[in-house]
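To start, the structure under review is shown below, and the notes come after it.
The values are calculated or read from the model by the stated rules, or taken from the named source; none is laboratory data. Here the structure is a predicted model, which means the values were calculated and not measured. FYI the Cβ positions are ideal-geometry reconstructions off the backbone, even for glycines, and counts take in every protein chain you see. Just so you know, the surface numbers come from the protein's heavy atoms only, side chains and all, with ligands and any DNA or RNA stripped out. Shrake-Rupley method; radii C 1.70, N 1.55, O 1.52, S 1.80 Å.
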Amino acid sequence: MTPLGLSSGSLPHATAADLAAAVLGHGGSGLDLRIGKGHAWERDGVERGLRAIAAAGAEVFFTGVGARLGDPAAELAEAPPAWPVKVFCVERPDPGLVAEQAAGRELWVETHAGGPDVTTLIDLAERTGVGLVLDVLGLAEIGGADRHRLAALAPHVRAAQVKGFHRTPQGTRHRPLEPRDLEPVLAVMERTSLRCVTVESRAGNPGADLVLLATLLKENT
């Protein structure tokens, strides 16, 4: 079974210990942790927060920073080197610069608004070795992908982040997770094993979303 968990973005006001308790209490095993976003888990410092999570029995799947690969000013120093680091990427990256920035680190580029489309991400991963995080909302925001493109993307995807969302005239709104939200993730998982899948719920129900995620993956993989 693919390890499942929560993103710290689901519970930004939870302490490190409470975040660990939340994910374990709903059947998950680990967390993806955003650094530098003002989430409560890091209010006493990143290292102390990481120790508190480990002491509570939860795993850290990966951390995330706001650095944008392909930007010469991208800064990765704040991310602990012991875990993969989720990053963003400029829309049209120079593979040579990205390879230089990724040297010595395990970097995972997230599908995200303002970033490369799927074709560019595939090319970037093939040329530089960076991994990818399939964020289902981010995938929609960069133009989406059909099953053929998802199959080509799959070998480079290391993790997925799921969330429920819908579009309104006022913009994107979060909602509870639904089976249809997992369609691109399941298509990728037909081709490759993922290191983890996490829930980023901003609809106020991360526990229920995590339980549903576990049920859907059990039924479909």
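Numerical summary
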item: Candidate set from region 27-80 (those that are under 27 Å from THR215 (Cβ atoms) and of a type in the set (D, E, K, R)); member that is least open to solvent (accessible area, probe 1.4 Å); result: ASP32
item: Hits in region 150-174 - residues which are touching a residue at least 24 places away in the same chain (Cβ under 8 Å), surrounded by fewer than 17 Cβ atoms within 10 Å (Cβ to Cβ) and either in a strand (DSSP E or B) or charged (D, E, K, R) (or both); result: THR172, HIS174
item: Top-ranked residue of region 2-21 - restricted to ones that are open to solvent by 20 Å² or more (accessible area, probe 1.4 Å) and more than 18 Å from the chain's Cα centre (by Cα), ranked as farthest from SER201 (Cα to Cα); result: ALA17
item: Residue ID - most open to solvent (accessible area, probe 1.4 Å), chosen from residues in region 183-207 that are within 22 Å of ARG34 (Cα to Cα) and free of Cβ contacts under 8 Å to residues at least 60 places away in the same chain; result: GLY204
item: Filtered residues of region 121-135 (kept if part of a helix (DSSP H, G or I) and surrounded by fewer than 16 Cβ atoms within 10 Å (Cβ to Cβ)); result: ASP123, GLU126, ARG127
item: Residues that are within 15 Å of the chain's Cα centre (by Cα) and crowded, with 19+ Cβ neighbours inside 10 Å, drawn from region 89-120; result: CYS89, LEU107, TRP108, VAL109, GLU110, THR111, HIS112, GLY115
item: Selected residue (only one of GLY138, GLY144, GLY115 is on the phi > 0 side of the Ramachandran plot and either part of a strand (DSSP E or B) or modelled with pLDDT of 95 or more (or both)); result: GLY144
